[in-house]
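Participant: If you scroll down you'll find the structure; I have some questions about it.
The values are calculated or read from the model by the stated rules, or taken from the named source; none is laboratory data. Since this is a predicted model, take the numbers as computed values, not measurements. Backbone-built Cβ (ideal geometry, glycine too); neighbour counts: all protein chains shown. What goes into the accessible areas is simple: the full protein's heavy atoms, side chains included, and nothing from ligands, DNA or RNA. Shrake-Rupley method; radii C 1.70, N 1.55, O 1.52, S 1.80 Å.
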Amino acid sequence: MTRNGTIAITGAAGGIGIATVRCVQAAGLRAAALDLNPVAEADLSHALDLADEEAIARAFEAIGPLAGLVCIAGTNARGRVEDLPWETWRHVMAVNVRGTMLAMKHASPRLADGASIVLTSSVSAHIGTDGYVAYHTSKGAVLGLMRAASGEFAERGVRVNAVSPGWVDTPFTDRALAELPDGEAIRAAAGAAHLLGRMAQPGEIAEAIMFLLSDEASFVTGTELIVDGGFLRKR
Amino acid sequence: MPVAVITGAAGGIGTATSRVMAEAGFDLALIDRSEARPPGGAAGLGLACDLADPGSVETAFSAIADRFGAVDALINVAGINHRSPVAEMAVADWDRMMDINVGGMFLTAKFGLPLLERGAGKAVVNMASVSGHVATVDYPAYVTTKAAVESFTVALAQEAATRGIRVNAVAPGWVNAGFTDKALAETDDPDALHAAARDAHLLGRMAEPEEVARAVRWLASDKASFVTGQTLFVDGGFMRKH
Ligand SMILES: NC(=O)c1ccc[n+]([C@@H]2O[C@H](COP(=O)([O-])OP(=O)(O)OC[C@H]3O[C@@H](n4cnc5c(N)ncnc54)[C@H](O)[C@@H]3O)[C@@H](O)[C@H]2O)c1
Ligand SMILES: NC(=O)c1ccc[n+]([C@@H]2O[C@H](COP(=O)([O-])OP(=O)(O)OC[C@H]3O[C@@H](n4cnc5c(N)ncnc54)[C@H](O)[C@@H]3O)[C@@H](O)[C@H]2O)c1
């Protein structure tokens, strides 16, 4: 386990984010939050929009040396190919893909040799739910970004991996379901979509992130850790 | 004390896994062709067992049941390798590969699941390989068995989920352990093979067996409580490199 230093966490105010902040602190590390919303529990908190490169640059400048980077921030939007507004598509890509890339870009000069980067994809990179074309595309792109970056960072001994959750019990899921007329019925069926018969708690995703951050995963790079309770395996 | 059953425990990765699980506070039941001894004075039971022989596996698991009553983690590391192109391979050699590398996992699951059900840990971890995804030249039987290990992992994850048991696989690249030693012994140019084994990874080196063992331990732990039916690559970026 990386024993000291600071871990920068985007999306730290969200469900998976705050669980990760707590795990990072429990491991004796400092948590630096980057989110639209401030994170009182974090050791450092920068409220910013990941669509804004200058704000990202300033935040990483202020945060300083890093033992790791966790990119969790993400946004969802409904829309099909035939009706998705161009601006909605661009916003999802700007946050989920470009925001992740820019966080890596500005974290890069501050990452210690042997540091670890964890990105957040989704089982959505592997399936298609009708009506979320931008989100699915963006999560596939995060995997491409992870694979590309794993080669680039390997020369410094910096590992780059992704976690892909199935359904997680967070505000993200609550919002997505609230937008649907049959949202409560879908929630009731969500557990049964996993081999383990339930959604994940955010802490279970945070533990997978912690593993990938830590020296326990010293030979793990360029890979996707699917933490989905068997969602993709269930038919 | 939680109990881990480890097959192939006398081998390179098996020894490292035994050590790492003992460090995590597990009692060990160690299976190999001849009796494996727990590393560094750790407590445990060594069992001589041929994983390709159903009677032998059944006997081993009844000894485990007698001694421990329950099992928390079943870790299938044992495996063999056989170098031969398809055109030249004896059918008996092909069968032996399938029997040990895949059939062995079927048998330990068959006799181990009732014990896992009684344990608290409820985790199975199987040793796969990047060779299940890329065709290692002249090792067609090995490549086939390692892909089958992943399919078996998925199938068992499905079946065992109803009993609360998680089943996952770990896929290493090259590891500084028995398989690599054997490949080095079989080649005319060990230096070239060594360089190839190093350069095959983004991280520019092979794994030490402990690095594989620590990933196994994580998957076997409650920290991986929402991970099932998966293969975790512990390959230093082998799959990403071209
Ligand atoms: N909840 C799930 O079921 C689920 C499943 C698979 C993947 N994921 C992924 O996990 C990640 C986190 O999910 P969550 O469930 O914790 O979501 P969440 O909505 O609770 O948290 C997301 C966080 O990202 C922040 N964020 C969004 N846009 C931002 C922007 N432009 N700039 C800065 N911060 C921004 C939000 O403020 C929020 O705090 C996301 O990438 C999501 O795609 C979630
Ligand atoms: N070393 C590598 O580079 C590498 C890479 C990827 C995957 N693996 C996998 O890791 C596992 C262990 O590899 P290793 O390098 O430690 O090999 P190893 O040869 O050192 O260990 C394998 C062990 O399995 C035991 N075994 C074989 N057949 C058996 C049988 N019928 N019954 C009981 N025990 C039996 C052997 O006696 C040996 O102790 C294998 O499954 C292998 O496929 C190894």
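Participant: On the basis of being buried (at least 21 other Cβ atoms within 10 Å of the Cβ), within 19 Å of B:Gly8 (Cα to Cα) and at pLDDT 95 or above, does B:Val143 make the cut?
Facilitator: Criteria not met by B:Val143.
Participant: Give the stretch B:148-159 a look and list any residue that's within 10 Å of another protein chain (Cβ to nearest Cβ) and surrounded by fewer than 23 Cβ atoms within 10 Å (Cβ to Cβ), or say none.
Facilitator: Selection gives B:Val154, B:Ala155, B:Gln158, B:Glu159.
Participant: Does any residue of the stretch A:137-157 turn out to be crowded, with 16+ Cβ neighbours inside 10 Å, farther than 20 Å from A:Arg98 by Cα and charged (D, E, K, R)?
Facilitator: No; the residues of the stretch A:137-157 include none that is crowded, with 16+ Cβ neighbours inside 10 Å, farther than 20 Å from A:Arg98 by Cα and charged (D, E, K, R).
Participant: Name the residue, out of B:Val71, B:Val77, that is away from chain A (no Cβ under 14 Å) and away from ligand 2 (no atom under 14 Å from the Cβ).
Facilitator: After ruling out the rest, the residue left standing is B:Val71.
Participant: Oh, and also: Hey, among the residues in the stretch B:182-191 that are in a helix (DSSP H, G or I) and open to solvent by less than 50 Å² (accessible area, probe 1.4 Å), which one's nearest to B:Val130 (Cα to Cα)?
Facilitator: B:Ala183
The rows are residues; the columns are (1) open to solvent by less than 10 Å² (accessible area, probe 1.4 Å); (2) at the interface with chain B (Cβ under 7 Å from one of its Cβ atoms); (3) in contact with a Lys or Arg (Cβ under 9 Å, 6 or more places away or on another chain); (4) not acidic (Asp, Glu).
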site	(1), (2), (3), (4)
A:Gly166	no, no, no, yes
A:Pro171	no, no, no, yes
A:Leu180	no, no, yes, yes
A:Ala185	no, no, no, yes
A:Ala189	no, no, no, yes
A:Gly203	no, no, yes, yes
A:Leu212	yes, no, yes, yes
A:Asp215	no, no, yes, no
A:Val220	yes, yes, yes, yes
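Participant: On to the next question. Of B:Ala213, B:Ala197, which residue is more than 9 Å from chain A (Cβ to nearest Cβ), closer than 28 Å to A:Ala149 by Cβ, modelled with pLDDT of 95 or more and assigned to a helix (DSSP H, G or I)?
Facilitator: When all the criteria are applied, what remains is B:Ala213.
Participant: So which pairs qualify, if the first residue must be in the stretch B:221-240 and within 7 Å of chain A (Cβ to nearest Cβ), the second must be of a type in the set (Val, Ile, Thr) and assigned to a loop (DSSP other than H, G, I, E, B), the Cβ gap must be under 6 Å, and the two must be at least 6 apart or on different chains?
Facilitator: Listed pairs, sorted by first residue: B:Phe233/A:Thr223; B:Val234/A:Val220; B:Gly237/A:Thr221.
So that you can scan it fast, the table gives a plain yes or no per residue for (1) outside any loop (DSSP other than H, G, I, E, B); (2) away from ligand 2 (no atom under 16 Å from the Cβ); (3) open to solvent by 10 Å² or more (accessible area, probe 1.4 Å):
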| position | (1), (2), (3) |
| --- | --- |
| A:Ile18 | yes, yes, yes |
| A:Ala33 | yes, yes, no |
| A:Ala42 | no, yes, yes |
| A:Asp49 | no, yes, yes |
| A:Met101 | yes, yes, yes |
| A:Lys105 | yes, yes, yes |
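Participant: While we're on this one: Among the residues of the stretch B:44-54, are any at pLDDT below 95, buried (at least 21 other Cβ atoms within 10 Å of the Cβ) and touching a strand residue (DSSP E or B) at 6+ places or on another chain (Cβ under 8 Å)?
Facilitator: Yes: one or more hits.
Participant: Out of all the residues in the stretch B:76-117, which are in a loop (DSSP other than H, G, I, E, B) and hydroxyl-bearing (Ser, Thr, Tyr)?
Facilitator: Passing the criteria: only B:Ser84.
Participant: Given the conditions (1) more than 21 Å from B:Met97 (Cβ to Cβ); (2) touching a residue at least 40 places away in the same chain (Cβ under 8 Å), report the number of the one that B:Leu47 does not fulfil.
Facilitator: (2)
Participant: Tell me which residues, restricted to the stretch A:174-227, are touching a Phe, Trp or Tyr at 6+ places or on another chain (Cβ under 6 Å), without any contact (Cβ under 8 Å) to a residue 40 or more places away in the chain and within 11 Å of ligand 1 (Cβ to nearest atom).
Facilitator: A:Ala190, A:Met199, A:Ala200
Participant: Further, regarding this structure: Just one of the numbered conditions (1) farther than 26 Å from B:Thr162 by Cα; (2) surrounded by fewer than 23 Cβ atoms within 10 Å (Cβ to Cβ) is not true of B:Gly69; which one?
Facilitator: B:Gly69 satisfies every listed condition except (1).
Participant: For the stretch A:70-96, how many residues meet the condition of being assigned to a helix (DSSP H, G or I) and not hydrophobic (A, V, I, L, M, F, W, C)?
Facilitator: 5
Participant: Which numbered condition in (1) open to solvent by 20 Å² or more (accessible area, probe 1.4 Å); (2) under 24 Å from A:Phe219 (Cβ atoms) is the only one that A:Thr129 fails?
Facilitator: The one condition A:Thr129 does not meet is (2).
Participant: How many residues, within the stretch A:54-75, are open to solvent by 50 Å² or more (accessible area, probe 1.4 Å) and either of a type in the set (Phe, Trp, Tyr) or within 24 Å of A:Val163 (Cα to Cα) (or both)?
Facilitator: 1
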